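The values are calculated or read from the model by the stated rules, or taken from the named source; none is laboratory data. On a predicted model such as this, the values are computed, not experimentally measured, just so you know. Positions of Cβ are generated from backbone atoms using ideal geometry, with glycine treated the same way; all protein chains shown enter the neighbour counts.
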Amino acid sequence: MARTPSNMIPLGTIAPDFTLPDTVSGKTVSLQDLKSDKATLIMFICNHCPFVKHVDEQLVALAKDYQAKGVSFIAISSNDAENYPQDGPELMKEEAAKLGYSFPYLYDKSQEVAKAYDAACTPDFYVFDKDLKCAYRGQLDSSRPGNGLPVTGSDLRAALDEILDNREVSAPQIPSIGCNIKWK
């Protein structure tokens, strides 16, 4: 299992705009359609990565806790579905239903969105403030498959709390680690 870290775009980077198909609703949506006036979490995930599977339940719990506070959640898969068919749009829709995603799960077939965000791994997390400026990028928490630490979402939760309070994220931002995005 390869361990690829996040690239850690500069804080303050404006979220690159996109328009992608949502495998859950079947609609084409844009960042402008989905963003929040409080905070927007964009996460690059996929169906098959063991690092994503390790945190799936926490992603659902985070969405439940923070969507109620006005945070927008957006999941994107940019993996090459031709060589990794388990990450194709039909199976993404099934995975979202099985796990109970309350957020869109977008398919980036061209991989242009992942490139625009400089995404490197799954999972890769980016939180943008009300002005769509990057306020946090990094890990969910310190848990990884096999390291014995519980999956709490502590790093991301702390960042979201500070952003919602209109404060800068105070804790060190540690890169996420996961499977590399499956590039074409």
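Going through Ala119, Ala114 one at a time, which residue ends up being assigned to a loop (DSSP other than H, G, I, E, B) and in contact with a Ser or Thr (Cβ under 8 Å, 6 or more places away or on another chain)? Working first, answer last.
On the way: Ala114 fails: assigned to a loop (DSSP other than H, G, I, E, B).
Step by step, each of Ala119, Ala114 is checked, and only Ala119 is assigned to a loop (DSSP other than H, G, I, E, B) and in contact with a Ser or Thr (Cβ under 8 Å, 6 or more places away or on another chain).
Looking only at the stretch 139-184, which residues are touching a residue at least 24 places away in the same chain (Cβ under 8 Å), part of a loop (DSSP other than H, G, I, E, B) and among the small types (Gly, Ala, Ser)?
If the condition is that a residue be touching a residue at least 24 places away in the same chain (Cβ under 8 Å), part of a loop (DSSP other than H, G, I, E, B) and among the small types (Gly, Ala, Ser), then Ser142, Ser143, Gly153, Ser176 are the ones that fit.
Across the stretch 8-26, what is the total count of residues that are at pLDDT below 95 and outside any loop (DSSP other than H, G, I, E, B)?
Residues meeting the conditions: 0.
What do you reckon, is Ala75 closer than 16 Å to Phe125 by Cβ and either under 14 Å from the mean Cα position of the chain (by Cα) or touching a residue at least 12 places away in the same chain (Cβ under 8 Å) (or both)?
yes
Hey, among the residues in the stretch 152-184 that are surrounded by fewer than 18 Cβ atoms within 10 Å (Cβ to Cβ) and of a type in the set (A, V, I, L, M), which one's nearest to Thr122 (Cα to Cα)?
Across the stretch 152-184, the extreme among qualifying residues is Ile174.
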